[in-house]
Structure formats: structure tokens, C-alpha cells
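Everything below concerns the one structure shown next.
Every number here is computed from the coordinates shown, using simple stated rules; none is lab data. All values reported here derive from a predicted model rather than from experimental measurement. Don't worry about glycine lacking a Cβ; one is built from the backbone with ideal geometry, like all the others, and counts go over all protein chains shown.
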Ligand SMILES: [Zn+2]
């Protein structure tokens, strides 16, 4: 169920590629090899078109990576920690662990991405001028890269959080109001408004008989999701600030064997014992931890033949925190390591486990009781 893999490390930052990116890579290469290149310089063979298509797609990938690296390097320069960069279907995400400390640093960090894309676009455009009359094949590849980088820069400038443009907007609102949460809310609403506009325009396009409208609908849907999720994360972060690991953790757990099926875990442990977190292992050896968030990801039909040891967070992927760790930092760690739970250790002893859904539950309770 892994959603991609690591391809390397640049400036201390892990570079990951999401599996969705491969679909886009094939689509791009195919589109370039069968439509764009044959259209811009007819008469070459399919091998040339495909080769050029693959290399150009790869350079699109490198362009996205440079865009994300620009964000990351500025962040590092400002004293933030960047865990990794993930490249996925519509670009990339740099996982910057801290929220920016003041509006100006957020502004610079956000604006440097699109700026880098525009610089890359001009660079490819200038190169294409050099190849004018020399090689039509190279020239059309370079022009394509110039266009893609311009589109990338413009797309990221859409003023909706968490896009770069939305972050720019948020930093301006933040410096005007002094209220990060309010600024995030407005920037995220603006993102949602834009996403509905894109979906609306996409539907109009499709009704007019143009299939490229589907692309707009897809981008709009993606933006809508990102806007809602980005805002929720900021709200969670501000509400968890000041809470301690010891207030969030579950302290009682049963040990189960990794060899039992998920179905047995559900029937005989979760439902019977009404517990949500289980240690996996023997008497005094911890192999991993499993919680209901892990179980939810297994389709009901497959629970009879999936084993607990396949869905648990194995020991080597666990990051431990102390009982006084801040709730906001825990949320960040869960997201950065892409795990559902985090164990709490006091000295050498395991004293509790925090499950991702516990954080949500805690916030809900806190809101219900208005405390
Ligand atoms: Zn960006």
C-alpha cells in the first residue's frame, strides 16, 4: 500500500515520487510522441518522437523538482526543517515541518516557486532561440518546456491556500490582520471559489464538446480538496498547540500476535475490548503497533486474508516522543512520516500511544465542551 518511493537525496532532503506520477509521465510522453512532436516537425520516425517525448517528460519532472527545491532551500535558509519533497500527479509538495514564523518569510518562501518556474521558462525559451534553424526537434522540445514552466508558474499562482499564490495571499492578509488563522481561512475560501470556477468552466468546455474541459474539472477538484485539507490542518495545529503527549495518549493496550488476520483483530479484539490501539509482538519484544486507522484502510473483503503484521506500523518506522512533546509537533511528525500512530516513551519505557484519530477526537471534544 506504499504510495511511491524515494529516488534520492538533495541538500539533505529526501526526494520521493508518488506512484500517481508514473501515470502522468506515460501520458505526457505519449501525448508528446503522438501529437505534439509529429505536429511541430513532421516526417521523423516514431522512435525519434518517443525518445524526444520521454526526455522532454523527464525534463518536465526536473522542472517541477527545481520549483520545489527553490521553496525548500529558502525554507532551510530561514531556519525551517524540510523533511522531504514528494512529486505527484500535478507537481510537487515540499514537506516543510514548521509553519512560517512571520508573514514576510512566508511571502518569500511561497513566491520563490513560481518565480523559479518563470526563470526556467525564459531559460528554455532563450535556448530554443539558439536552436532556431539548427534543429527543429530540439527547438520544439525546448519551446514545450518553456510553455510547461510558464503554465506551472501560473497554476501555482492561483490565489487559494495551499497553492503558492494562496500562501502569498495569506501572508499579505496575515501581515494586515495579524491573525494567521483568519488569514488562512480567507485564503482557503478563495481557493475553493477558484476551484468551483475551474470546475464550472470545465463543464462548459465539455458541454461545448471539448474534452480538455475534463482537465479543468480535475484540477478544480484537486484544488478544492487541497484548500479544505490545508485549512483543516492549520485549525488542528492551532488547537493542538500547548497540549502535551501525555494528555493525548492512550495508556492501556493489549498485545496481539502479528500472525492473526485483520478480521480476527476486529472481531475478537477491537469490538470485544473496545480498544483502538494494539501492540504487536511477544512478551517483551515489540514488533510494531496497529490501530483502527490502519484497519480502516483494508477493504472489508480482504480482512480475512490480510495479516496484522502487514498493516501494522513496524518498529523501525516508529518515531518515539516523550510525554511532554507538544501536540502540534506530534501532528507534524505523523504527517511527515506518513504513519497513523506515534508511541510515547518515558525513559526506556513505553507509556502510551497516540493515534491520528485521537488527535481529531480530542479537538472535537474540546470544541464540544468549548474548553
Ligand atoms: Zn510551489
When N is the residue count of region 5-157, what does its C-alpha Rg come to as a fraction of 2.2 N^0.38 Å? 1.14
Average projected area [Cα convex hull, the chain], square nanometres: 23.2
Highest first, please rank the peptides 103-112, 15-24 by the mean number of other Cβ atoms sitting within 10 Å of their residues. 103-112, 15-24
Cα long-axis angle, helix 136-156 against the chain (0 to 90 degrees, to the nearest 10): 50
Which whole number of Å³ per residue matches the convex hull of the alpha-carbon atoms in region 180-328? 165
Stokes-Einstein diffusion coefficient for region 245-368 at 37 °C in a medium of 0.692 mPa s, Rh from the Kirkwood formula over Cα pairs: what value in µm²/s? 223
